[in-house]
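Structure first, then comments.
The values are calculated or read from the model by the stated rules, or taken from the named source; none is laboratory data. Treat the numbers as computed from the prediction; the structure is a model and nothing was measured. Neighbour counts are summed over all protein chains in view; Cβ atoms, including those assigned to glycine, are modelled from backbone coordinates with ideal geometry.
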Amino acid sequence: MAVSASPVDEPRTIHAGAPKVDRVFHGSVRTVAIIVLVVFGSIGLFLGKESISTFHQYGVRFLTESDWEPSLNRIGISATLLGTVLVAIVALVIAFPLALATALYISEYAPARLKPTLVSLVDMMAAVPSIIYAAWGFFLLMPRAQFVAHWLHQNLGFIPIFRVDTDPNAAPWAQARYTGSMFIAGIVVSMMVLPIACAVMRGVFAQAPIGEREAAYALGGTRWGMIRSVVLPFGRGGIIGGTMLGLGRALGETVAVAIILSTAFDFKFRVLENGGSTISKLIAERFGDATTVQLSALLAAGFVLFVMTLMVNTVAAVFISRSRSGAATEA
Amino acid sequence: MTAYPYGHLPLIDPEATQPIRIDDVQVDGSQIDRGGIVDGRTADATVVLEDANGSSPQGGARLEAVNVSAWFGTNKVLERVSLSMNPGTVTALIGPSGCGKSTFLRTLNRMHEMVPSAKLSGEVRLNDEDIYGPKQRVTDTRKRIGMVFQKPNPFPTMSIEENVIAGLKLIGRRDGRHGTDRDELVERSLSRAGVWNEVKDRLHEPGGALSGGQQQRLCIARALAVDPDVLLMDEPCSALDPTSTRRIEETIGELQYEVTIVIVTHNMQQAARVSQYCAFFLAEFGTPGAIVEAGSTDKMFHEPDDQRTKDYVDGRFG
């Protein structure tokens, strides 16, 4: 057969010739995906646009001022932002070891019969409404956790974050100083972070390849040895990713924090002490009776939170996808 | 994932031989008595091997399976397999897919019991001591009876060097058994596995970056580093190209005087090349896998007693 000789050797265009069904399906899922992106983008755009006037009016002071006193025209989020981060850190410090241990137990140690039950129990923790956690934290946890806080203050008070502005050894110690703190709010938030982090970790642990597991056992390794040399290195991406996904949740948690944490706008690291604020709590509480100017300021605070959680979740997604594909283990 | 021919074997009457749980395996009379009713073929095979055993001056330990039966759930996959695997000798286990040879290999270093529903009866003796005995620790057994798998499985997060000494770390031993230091041990193990020259300049690169054949030899080095008495190989070349296969076979030839080697292979030419003794497994329609015939490789390939062995080694089925 004669082939028409082209003077230059260049790639020819190949027509996909996909069947109609494929094209229709392709088109519809793409449309849905685009809608999701548009909605998401519009949230960011809206928040950004609404907060412009605030940033314009207050400038850098919006980020450095700790007080939120619209009547005195003193508006800033430094204390609130710090509170947001501190509550999230407390939540993670508690949730991380619990999630890791739970995930390891479920994926490596639990009897096969028990596994599905445990998995759904942990998943159910994620389904409990935050207001329920808030009630639990306020009525059940707080009266007890204040003793823990007091003990920490007494024994570790020399560490700045465990300081409380009161005398720990006073005869009737100031119990009220240890309630409504970022510490207690963090404990409650940790219960909401735990199921998310645990589910992600469990997912990657379960994917640790059977070949490497058997290799570790065949060398005479114990189960813990196998976990250390195979499961944990393999799941590193998932451990980091799951924790950061939990962090995203912790940063944005509203109701439980709003109920438990007593409002205070001090720029302080003393997590055991009564009082504090977070961005979501601030917005939830001040939204109702805000003037136009204040509304813009609240949305600006929301914008900061939005950007922060977006960054945390993006980094988490990168870690998780890298560990799923096994890329993290090839480094 | 390594695919084992579990699960598609026929269900047998569980009353015929009652499965016992691994941790219940006792050296009690009833077990041994029951095993005494071995059918003629298997008994013959054992005798042949023991005749050929003699006393061997080489390294390695004598491994002897006595009436090993195995189950997955109620599915019996191995029927009273008895076989001696002797020092200085490469023993090949051959047979068609699903005949239980991999399962048998995994009963030899207690990897069989990793499968939750796995059960077993009979004894596996390492230098006359039952590895399933009540005082035996499974980790100690596996230290002495190493294993190389079908698919190369170096630890992907570790470097080549770390892979070699991974076994020592896993069992909490700092140096080699003979007081050699770490670098020496790494070099010695990699040399014994025939891969030292190829990797000596990149010991700190990840093990996963090597070619398939090199990875498999790294796995052999890793198994050798803990100084086992027996090395089990489960189709170690089936995922490799012919050149790598040849290198592994050479390695097996060099190692056979230091460690007792048992190799499962689908490749009959390979069995003929590397082994001196050979056991032919078969799971005939509706029955669990069993040894049809065992004997010197030469005899098995040229004048087998059983017609089925002849058909198999001549490539008429399987």
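Hey, does region A:108-119 have a residue that's surrounded by 19 or more Cβ atoms within 10 Å (Cβ to Cβ), outside any loop (DSSP other than H, G, I, E, B) and among the hydroxyl-bearing types (Ser, Thr, Tyr)? So far as region A:108-119 goes, no, none of its residues is surrounded by 19 or more Cβ atoms within 10 Å (Cβ to Cβ), outside any loop (DSSP other than H, G, I, E, B) and among the hydroxyl-bearing types (Ser, Thr, Tyr).
Of all the residues in region B:66-98, those that are outside any loop (DSSP other than H, G, I, E, B) and either touching a residue at least 60 places away in the same chain (Cβ under 8 Å) or in contact with a His (Cβ under 8 Å, 6 or more places away or on another chain) (or both) number 18.
Okay, residues lined up against (1) in a loop (DSSP other than H, G, I, E, B); (2) basic (Lys, Arg); (3) at pLDDT 95 or above:
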| residue | (1), (2), (3) |
| --- | --- |
| A:12 | yes, yes, no |
| A:27 | no, no, no |
| A:34 | no, no, yes |
| A:94 | no, no, yes |
| A:100 | no, no, yes |
| A:103 | no, no, yes |
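Would you pick out the residues in region B:200-220 that are in contact with a strand residue (DSSP E or B) (Cβ under 8 Å, 6 or more places away or on another chain) and either of a type in the set (Asp, Glu) or more than 12 Å from every other protein chain (Cβ to nearest Cβ) (or both)? Within region B:200-220, B:203, B:204, B:205 qualify.
Of A:315, A:257, all but one fail to be assigned to a helix (DSSP H, G or I), in contact with a helix residue (DSSP H, G or I) (Cβ under 7 Å, 6 or more places away or on another chain) and more than 27 Å from residue A:145 (Cβ to Cβ); the exception is A:315.
So, of the residues in region A:45-71 that are β-branched (Val, Ile, Thr) and in a helix (DSSP H, G or I), which turns out to be surrounded by the most Cβ atoms within 10 Å (Cβ to Cβ)? Restricting to residues being β-branched (Val, Ile, Thr) and in a helix (DSSP H, G or I), the top hit is A:54. State which residue is surrounded by the most Cβ atoms within 10 Å (Cβ to Cβ) when the search covers only region B:169-210 and only residues that are at pLDDT 90 or above and of a type in the set (Ser, Thr, Tyr). Looking at residues that are at pLDDT 90 or above and of a type in the set (Ser, Thr, Tyr), I get B:189.
Per the listing A:273, A:330, the residue uniquely touching a strand residue (DSSP E or B) at 6+ places or on another chain (Cβ under 7 Å), more than 18 Å from residue A:90 (Cβ to Cβ) and at pLDDT below 90 is A:330. Taking the conditions (1) in contact with a helix residue (DSSP H, G or I) (Cβ under 7 Å, 6 or more places away or on another chain); (2) at pLDDT 90 or above; (3) hydrophobic (A, V, I, L, M, F, W, C) in turn, residue A:307 satisfies each one other than (1). Within region B:211-225, the residues that satisfy the criterion of being surrounded by 15 or more Cβ atoms within 10 Å (Cβ to Cβ) and polar (S, T, N, Q) are B:214, B:215, B:216. Of the residues making up region B:159-173, those that are within 8 Å of chain A (Cβ to nearest Cβ), in a helix (DSSP H, G or I) and either in contact with a Ser or Thr (Cβ under 8 Å, 6 or more places away or on another chain) or acidic (Asp, Glu) (or both) are B:166, B:169, B:170.
Please work out which residue is farthest from the other protein chains (Cβ to nearest Cβ), limiting yourself to region A:120-134 and to residues that are closer than 12 Å to residue A:256 by Cα and surrounded by 16 or more Cβ atoms within 10 Å (Cβ to Cβ). This residue is A:134.
Screening region B:221-232 for residues that are within 12 Å of the chain's Cα centre (by Cα) and within 11 Å of chain A (Cβ to nearest Cβ) and picking the one that is nearest to residue B:200 (Cα to Cα) gives B:231. With the requirement that a residue be farther than 18 Å from residue A:223 by Cβ and either within 7 Å of chain A (Cβ to nearest Cβ) or in a loop (DSSP other than H, G, I, E, B) (or both), what does region B:135-156 give you? Once the filter is applied, which keeps residues that are farther than 18 Å from residue A:223 by Cβ and either within 7 Å of chain A (Cβ to nearest Cβ) or in a loop (DSSP other than H, G, I, E, B) (or both), region B:135-156 yields B:135, B:146, B:149, B:150, B:151, B:152, B:154, B:156. For region B:102-134, a residue qualifies if it is free of Cβ contacts under 8 Å to residues at least 24 places away in the same chain and away from chain A (no Cβ under 11 Å), and the qualifying residues are B:129, B:131.
The condition of being under 27 Å from residue B:215 (Cα atoms) and either at pLDDT below 90 or buried (at least 22 other Cβ atoms within 10 Å of the Cβ) (or both) holds for only one of B:69, B:102, B:121, B:84, that being B:102. Taking region A:201-254 as the range and being within 14 Å of chain B (Cβ to nearest Cβ), more than 18 Å from residue B:164 (Cα to Cα) and part of a loop (DSSP other than H, G, I, E, B) as the test, the residues that pass are A:207, A:208, A:209, A:235.
Considering only residues in region A:143-165 that are in a helix (DSSP H, G or I) and among the small types (Gly, Ala, Ser), the one that is surrounded by the most Cβ atoms within 10 Å (Cβ to Cβ) turns out to be A:149. Scoring residue A:171 on the criteria (1) among the small types (Gly, Ala, Ser); (2) surrounded by 18 or more Cβ atoms within 10 Å (Cβ to Cβ); (3) free of Cβ contacts under 8 Å to residues at least 24 places away in the same chain leaves a single failure, condition (2).
The condition of being among the β-branched types (Val, Ile, Thr) and at pLDDT below 90 holds for only one of A:80, A:84, A:64, that being A:64. Among the conditions (1) in a helix (DSSP H, G or I); (2) under 21 Å from residue A:199 (Cα atoms), the only one that residue A:137 does not satisfy is (2). When residues in region A:105-147 are screened for being of a type in the set (Val, Ile, Thr), farther than 16 Å from residue A:189 by Cβ and free of Cβ contacts under 8 Å to residues at least 40 places away in the same chain, 1 of them pass. Given the criteria touching a helix residue (DSSP H, G or I) at 6+ places or on another chain (Cβ under 6 Å), modelled with pLDDT under 90 and either within 28 Å of residue A:143 (Cβ to Cβ) or within 14 Å of chain B (Cβ to nearest Cβ) (or both), does residue A:162 qualify? Judged against the criteria, residue A:162 is a match. Candidates in region A:72-82 are the residues that are hydrophobic (A, V, I, L, M, F, W, C) and assigned to a helix (DSSP H, G or I); of these, the one that is nearest to residue A:308 (Cα to Cα) is A:81. Do we have residue A:273 as more than 14 Å from chain B (Cβ to nearest Cβ), touching a residue at least 40 places away in the same chain (Cβ under 8 Å), in contact with an Asp or Glu (Cβ under 7 Å, 6 or more places away or on another chain) and surrounded by 24 or more Cβ atoms within 10 Å (Cβ to Cβ) here? Considered against the rule, which asks whether it is more than 14 Å from chain B (Cβ to nearest Cβ), touching a residue at least 40 places away in the same chain (Cβ under 8 Å), in contact with an Asp or Glu (Cβ under 7 Å, 6 or more places away or on another chain) and surrounded by 24 or more Cβ atoms within 10 Å (Cβ to Cβ), residue A:273 comes out as yes.
Can residue A:282 be described as touching a strand residue (DSSP E or B) at 6+ places or on another chain (Cβ under 7 Å), at pLDDT 90 or above and either part of a loop (DSSP other than H, G, I, E, B) or not β-branched (Val, Ile, Thr) (or both)? Yes; evaluated as a whole, the condition is true for this residue.
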